[in-house]
Amino acid sequence: MRGISYSTFFLLVVFFSLAAVAVLMVRETLRRRKNYWEMGGSKLFECKNCHYSFVSQNEANVSRCPRCNSICFRRSRK
């Protein structure tokens, strides 16, 4: 039986650790790409009074909150 030196053992541990991290990064990238979604033609609104977020299907920038019935403006994305 042939033994290995400490430097070879350390090199193998580092190599397999980096390989495991690379595999996990690729897996996470593929998972995020598969589960990625976008909001279609609907718009996201946030009520300033009750902090309720809701989606409206109409194309207007103003809508009524379904919870408290106050006027809400579309949240601008930057």
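Take the residues in the range 20-55 that are among the aromatic types (F, W, Y) and surrounded by 10 or more Cβ atoms within 10 Å (Cβ to Cβ); name whichever of them is modelled with the highest pLDDT. Selected residue: Y52. Among the residues making up the range 56-65, none is among the basic types (K, R) and open to solvent by less than 40 Å² (accessible area, probe 1.4 Å).
Every condition in (1) at pLDDT 90 or above; (2) surrounded by 12 or more Cβ atoms within 10 Å (Cβ to Cβ) is met by S17 except one, and the failing one is (2).
The values are calculated or read from the model by the stated rules, or taken from the named source; none is laboratory data. Bear in mind that the values here come from a model prediction, so they are computed numbers and not experimental data. Here Cβ is always computed from backbone atoms with ideal geometry, including for glycine, and neighbour counts include all displayed protein chains. Side chains included, ligands, DNA and RNA excluded: accessible areas come from the protein's heavy atoms. Shrake-Rupley method; radii C 1.70, N 1.55, O 1.52, S 1.80 Å.
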